[in-house]
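Worksheet: one structure, shown below.
The values are calculated or read from the model by the stated rules, or taken from the named source; none is laboratory data. Since this is a predicted model, take the numbers as computed values, not measurements. Here the Cβ positions follow ideal geometry from the backbone for every residue, glycine too, while neighbour counts run over all protein chains shown.
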Amino acid sequence: MKKRGIYILAGCIIFMFICVISIVNIKYSKIMRATQLSSDEWYEAEGYAVKFNRYEVLDMEQLNDYVTDPEQLEEYKKTLQIDGKVVLVYITLRITERELMNKEWWTDFILYADNAWDNQIDSYLSAFIKDANPAKGNYEDGKEYDMIFPFNIAKVQIPEYEYDNADNWNYFMIWSQNPIVYTQIN
């Protein structure tokens, strides 16, 4: 009789454990459901909204036209030993309430490709590309700003056959990771 009681208790505990796991999974799946925005939709966050405009994939040599100081670009390539391509994502930033904005509001943004490559904004590179440094912002409420976000694709990150095809990848700009909100940009 005592053994039977232990088995019933163990069965109840296992059943409760399974129920708790199921409830957590149901709640978590609702939170993590991805939302795709169209290319002309704004992603709204605390204090700001962003919208994708266009993108372009450049070789490092083509980047000279975009930098404020070409010597800095050469130093960047030597220091980080970067040999690759750069994806420039053009966005429009609209300030709704500057006081609510996180000082590093852009740090959640990730560029993702359908071949599983992804990268965050290259903050070092954005420091000397014209219109690319989001940290410079003396932003004013109600105004819109055109910006460029650079993402580097280093040759060492991916196989050669994938690298040569980087112009044709399907790119997704991930605006938020929790919940997931993104725009397919090509």
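When the criteria are applied in full, Y55 fails the requirement of being in contact with a Lys or Arg (Cβ under 6 Å, 6 or more places away or on another chain), of a type outside the set (G, A, S) and outside any loop (DSSP other than H, G, I, E, B). Applying the set (1) more than 11 Å from the chain's Cα centre (by Cα); (2) at pLDDT 85 or above to F109 leaves exactly one unmet item: (1). Among the residues in region 153-168, are any part of a loop (DSSP other than H, G, I, E, B), free of Cβ contacts under 8 Å to residues at least 40 places away in the same chain and surrounded by 19 or more Cβ atoms within 10 Å (Cβ to Cβ)? No, region 153-168 contains no residue that is part of a loop (DSSP other than H, G, I, E, B), free of Cβ contacts under 8 Å to residues at least 40 places away in the same chain and surrounded by 19 or more Cβ atoms within 10 Å (Cβ to Cβ). Collect the residues in region 97-126 that are surrounded by fewer than 16 Cβ atoms within 10 Å (Cβ to Cβ) and assigned to a loop (DSSP other than H, G, I, E, B), keeping them in residue-number order. Hits for region 97-126 are E97, N102, K103, E104, T107, D114, N115, A116.
Figure legend. Inter-residue proximity from region 37-51: first residues closer than 13 Å to R98 by Cα, second residues surrounded by fewer than 17 Cβ atoms within 10 Å (Cβ to Cβ) and acidic (D, E), beta-carbon distance below 6 Å, spacing 6+ or different chains. Indicated pairs: G47/E97. Test M32 against the stated conditions and say whether it is surrounded by 10 or more Cβ atoms within 10 Å (Cβ to Cβ), modelled with pLDDT under 90 and closer than 30 Å to V86 by Cβ. The answer is no for M32. With respect to the conditions (1) more than 23 Å from V156 (Cα to Cα); (2) in a loop (DSSP other than H, G, I, E, B), R94 falls short on a single one, namely (2). Filtering region 57-67 to residues that are surrounded by 13 or more Cβ atoms within 10 Å (Cβ to Cβ) and more than 18 Å from Y145 (Cα to Cα) leaves V57, L58, M60, Q62, L63, V67.
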